[in-house]
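These notes are about the structure you will find just below.
Readers should treat all values here as calculations from the given coordinates under stated rules, not as data from a laboratory. These numbers were taken from a predicted model, which means no experiment stands behind them. Using ideal geometry, Cβ is built from the backbone for each residue, glycine included, and neighbour counts are taken over all protein chains shown.
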């Protein structure tokens, strides 16, 4: 059997079953998913397989899924399944990094053959990475967590030690420093790497549905619970659960979470039958949790249970010597993402990047790299002043701040305006007026041709 797995994503259950059967007959290990978000939980930078996905799907379409996969690892092969009218879209996807595409109706044996060749390509990529590591070049961990500062060298050393274990981990660090990336890296280094990685944003869980979301429920557990629902915890069986921003979890729910972590058992709402839970827990916090304990907002026993191993991700202000190399890496990624020629930053720009404060840490630095790649602004330059080079007025500063907010939102939503004006609390007309006033062309952003 060819090494590696084929993840097949299609919302058509009959077609999905047929493709899986074809893969099995061809001697390929395949796993099916009805949606892209579920498949993403099985994909990491060290993923040793390929993805076959339909283009037309609700929620997360095949093109968006491919973009998300390329953000995790641009060398994971993605094969797109298209309808007749989608061929031009598939050709565009090939230019954007798709490995191959196949048009419906297709032969199952032909698709399996494409998947087998893609698996061979993926194994070659992973073998080359391992050879580079043996030769003393930067390994996958150094590529993910860039930096030669003492803090980053120590962080990578501890990740290499902790990753292969099953220990629960608490990851602390300021907003935007890369805590989620550290958690994902730990999962990828563990024996659970081929099982789900389920990230739960504790601050975004609806208060009225938080228990059902995490633990699931049986029919009749509460008004409107017509059928059973699997919770996020049970969905992660065999894998890793990341409790992101755990300090935001309501204190009354913390007691139940403590029992689940201690006993590795959970009970859905409305049920009397506990379910074994084979998972590894990780948690992140942007503020030291011992401070939250002192303030009475976090249970000390839960902190002790989570804090089996703790890691701290340093702020960029603590490692300014890493900023030039990190910015150069982010700039190269932005050029590749937007299909632009790779233009390394000048030494003067890199020096200015190192001198600047980055309160938003890596997230803010990434947005700055996006702006430079798109030619929208030089983030190292001060806002324009008045006539004759006078110091910028308050109006100048406010206008520049608004412009950067708009650009960051366009980058985040890939030029699609509807989520931009909804997120910023603007009307569609107001957003258009602001884009014109600031001279921002939305077509400079990836995905802008998909409309609003």
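What does the C-alpha gyration tensor say about the overall shape of the chain? Classify as rounded when a/c is under 1.5, otherwise prolate if a/b is larger than b/c, or oblate.
rounded
Rounded, prolate or oblate, given the Cα gyration tensor of segment 320-380, with a/c below 1.5 counting as rounded?
prolate
With the cut-off at 1.5 for a/c, could you classify segment 5-134 from its C-alpha gyration tensor as rounded, prolate or oblate?
Because a/c hits 1.5 or more and a/b exceeds b/c, segment 5-134 counts as prolate.
What's the exposure ranking of 91, 293, going from fewest to most Cβ atoms within 10 Å?
91, 293
Fewest first, what order do 153, 159, 69 take by the number of other Cβ atoms within 10 Å?
153, 159, 69
Determine, for 165, 53, the number of other Cβ atoms within 10 Å of each Cβ, and report the residues in order from fewest to most.
165, 53
Rounded to the nearest 5, what is the percent of antiparallel bridges among the DSSP beta bridges in the chain?
Around 10 percent antiparallel, to the nearest 5.
Compute the distribution of all C-alpha to C-alpha distances in segment 187-300, in bins of 5 Å from 0, and list the percent of pairs in each, rounded to whole numbers.
2, 11, 20, 23, 20, 14, 7, 3, 0
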